[in-house]
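K.L.:
I'd like to ask you about the structure that follows.
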Amino acid sequence: MDETQAHIEFLGLREQPFAPTADPVYFYATREHKECLFRLWNSIDSGHGIAVVLGNYGTGKTTLLRKLITGMAADPERYHAAVIGSPIPSWTSFALLENIVAQFGLRPSTPSYVAYMDALNRHLLANRNRICTLIIDDAQNLNKRGQLELLRLVQNLETQQRKLLNLVLFSQLEWAEVLRAAPNFHQRVNLTYTLGAIQFEETRQFIAFRLMQAGAREDEGPTFEEGALRAIHAYAEGIPRVIVTLCRNSLLVASQLRERVITADMVLHTIDKTTLPDPEKRVRVVAAIAEHAVSADGQRVQTPAGEDPGSLDARARDQRAARILLQAGRENQSVESA
């Protein structure tokens, strides 16, 4: 058994619950994700044309994309989809058209714009009884006027009754400026949905859901203390990808310490050792923990007036983490020597 699997099994899990991949099995539908999916399916099924999903890095766009693909693949008689994962910014409009045609499984004999458009049009007409959709991830890479004009022309393929092709485009927020500069395309967008950060309670549910999906049981699996959850949410600012990364690294610390309860100290230690130095985030994390910490007599711990929360107990915490790790190392050595 490799060391990674040993860590997972010690924590009472079947597999890594916080893998850095957009596995649909681990998709937790927040309120915003549910609303976005509902609107996307409505736009697709109604043949409304173009839908755009905007969001910062790590807000779950690729996971939503894969949920769409999974849903379409489950009903191939109804849906017919092509996916471009990440277009290359230097593509010409013809290169984009080549890739669209290829993703629909077409191989025109003549490599020309007219031949490719004709092949795509005939293919969509032949599949007019299905819902045909082109999905593009990282659409912010398409920032040339010619690329957007090509997408407009492709989406214009239609019968007298309806559009033959839906477009679903997932992009970073900065693409909004590109769209505004291309009104001929932008005015044809039926739906624009902007994903935001998730709230604290959703962070709690998000983490619990992933642990459950990985096989955690209430009496055995790892547990994140309240302070740990507060620290994770404050550092991640509600961005799912950052939450996943921080949880994954915190679980590693817990397994090294032979603990199944993840504390705020473990999360703070993880932040200090596995992330880029960011004093402002550190201040926010420590302040979030201090705000919700409860002393032995039941009174909330308050930050002293004029005190920088980022410096609160930093040295003591680091010393405590070092003692814990040292003690764990000594105990492991004792077990091995025995």
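The values are calculated or read from the model by the stated rules, or taken from the named source; none is laboratory data. Fair warning: this is a prediction, and the values are worked out from it, not measured in the lab. As a convention, Cβ positions derive from the backbone with ideal geometry for all residues, glycine included, and neighbour counts pool all protein chains shown.
K.L.:
If you go through segment 20-40 one residue at a time, do you hit one that is surrounded by fewer than 21 Cβ atoms within 10 Å (Cβ to Cβ), assigned to a helix (DSSP H, G or I), touching a helix residue (DSSP H, G or I) at 6+ places or on another chain (Cβ under 6 Å) and not hydrophobic (A, V, I, L, M, F, W, C)?
P.N.:
yes
K.L.:
Pairs needed: first member in segment 72-87, farther than 18 Å from L40 by Cβ; second member anywhere, assigned to a strand (DSSP E or B); C-beta distance under 7 Å; at least 6 residues apart or different chains.
P.N.:
P87/I136
K.L.:
I'd like to check something: does segment 146-154 contain any residue that is farther than 21 Å from G47 by Cα, assigned by TED's automatic domain parsing to the domain that holds V189 and within 28 Å of the chain's Cα centre (by Cα)?
P.N.:
The answer is yes, given that some residue of segment 146-154 is farther than 21 Å from G47 by Cα, assigned by TED's automatic domain parsing to the domain that holds V189 and within 28 Å of the chain's Cα centre (by Cα).
K.L.:
Name the residue, out of V168, V101, V154, that is at pLDDT below 95 and surrounded by 20 or more Cβ atoms within 10 Å (Cβ to Cβ).
P.N.:
Testing whether each residue is at pLDDT below 95 and surrounded by 20 or more Cβ atoms within 10 Å (Cβ to Cβ) leaves just V154.
K.L.:
On to the next question. Out of everything in segment 66-89 that is under 19 Å from A29 (Cβ atoms) and out of contact with any Ser or Thr (no Cβ under 9 Å at 6 or more places or on another chain), what residue ends up being surrounded by the most Cβ atoms within 10 Å (Cβ to Cβ)?
P.N.:
That would be K67.
K.L.:
Do we have any residue at all in segment 287-307 that's closer than 30 Å to T62 by Cβ, in contact with a helix residue (DSSP H, G or I) (Cβ under 9 Å, 6 or more places away or on another chain), surrounded by 15 or more Cβ atoms within 10 Å (Cβ to Cβ) and modelled with pLDDT under 90?
P.N.:
Let us first name the residues in segment 287-307 that are closer than 30 Å to T62 by Cβ, namely 288.
If we keep only those that are in contact with a helix residue (DSSP H, G or I) (Cβ under 9 Å, 6 or more places away or on another chain) too, we end up with 288.
In the following step, the residues that additionally are surrounded by 15 or more Cβ atoms within 10 Å (Cβ to Cβ) were identified as 288.
Now restrict to residues that are modelled with pLDDT under 90: 288.
Yes, some residue in segment 287-307 is closer than 30 Å to T62 by Cβ, in contact with a helix residue (DSSP H, G or I) (Cβ under 9 Å, 6 or more places away or on another chain), surrounded by 15 or more Cβ atoms within 10 Å (Cβ to Cβ) and modelled with pLDDT under 90.
K.L.:
Under the condition of being of a type outside the set (A, V, I, L, M) and farther than 20 Å from A19 by Cβ, which residue from segment 239-277 is surrounded by the fewest Cβ atoms within 10 Å (Cβ to Cβ)? Write out each step before concluding.
P.N.:
Start the filter on segment 239-277 by keeping residues that are of a type outside the set (A, V, I, L, M), which leaves 240-241, 245, 247-250, 255-256, 258-260, 263, 265, 269-270, 272-275, 277.
Next, only the ones that are farther than 20 Å from A19 by Cβ stay: 258-259, 263, 265, 269, 272-273, 277.
On the way: R258: 11, E259: 17, T263: 21, D265: 20, H269: 22, D272: 15, K273: 10, P277: 8.
Residue satisfying both the conditions and the ranking: P277.
K.L.:
Looking at L125, L134, can you tell me which residue is under 22 Å from R78 (Cβ atoms), touching a Leu at 6+ places or on another chain (Cβ under 9 Å), not in a helix (DSSP H, G or I) and not small (G, A, S)?
P.N.:
So the residue among L125, L134 that is under 22 Å from R78 (Cβ atoms), touching a Leu at 6+ places or on another chain (Cβ under 9 Å), not in a helix (DSSP H, G or I) and not small (G, A, S) is L134.
K.L.:
Let me ask another. If I go through segment 210-230 residue by residue, how many of them are closer than 14 Å to R248 by Cα and assigned to a helix (DSSP H, G or I)?
P.N.:
Here the count works out to 4.
K.L.:
Let me ask something additional. Can you report the number of residues in segment 41-54 which are of a type in the set (S, T, N, Q) and part of a loop (DSSP other than H, G, I, E, B)?
P.N.:
1
A quick yes/no check of all residues on (1) in contact with a strand residue (DSSP E or B) (Cβ under 8 Å, 6 or more places away or on another chain); (2) of a type in the set (A, V, I, L, M); (3) at positive phi:
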| position | (1), (2), (3) |
| --- | --- |
| R128 | no, no, no |
| D138 | yes, no, yes |
| G146 | no, no, no |
| L157 | yes, yes, no |
| E177 | no, no, no |
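K.L.:
Now for a separate question. Of the residues that sit in segment 41-56 and are surrounded by fewer than 19 Cβ atoms within 10 Å (Cβ to Cβ) and small (G, A, S), which one is farthest from Q155 (Cα to Cα)?
P.N.:
S46
K.L.:
Can you find a residue that is closer than 30 Å to E237 by Cβ and among the hydroxyl-bearing types (S, T, Y) anywhere in segment 81-102?
P.N.:
Yes.
K.L.:
Sticking with this one: Output yes when any residue across segment 62-81 is small (G, A, S), on the phi > 0 side of the Ramachandran plot and either in a loop (DSSP other than H, G, I, E, B) or in contact with a Lys or Arg (Cβ under 9 Å, 6 or more places away or on another chain) (or both), and no when none is.
P.N.:
Checked against the condition, which is being small (G, A, S), on the phi > 0 side of the Ramachandran plot and either in a loop (DSSP other than H, G, I, E, B) or in contact with a Lys or Arg (Cβ under 9 Å, 6 or more places away or on another chain) (or both), segment 62-81 yields no hits at all.
K.L.:
Would you say T263 is in contact with an Asp or Glu (Cβ under 7 Å, 6 or more places away or on another chain) and among the β-branched types (V, I, T)?
P.N.:
Here the answer is yes, as T263 does meet what is asked.
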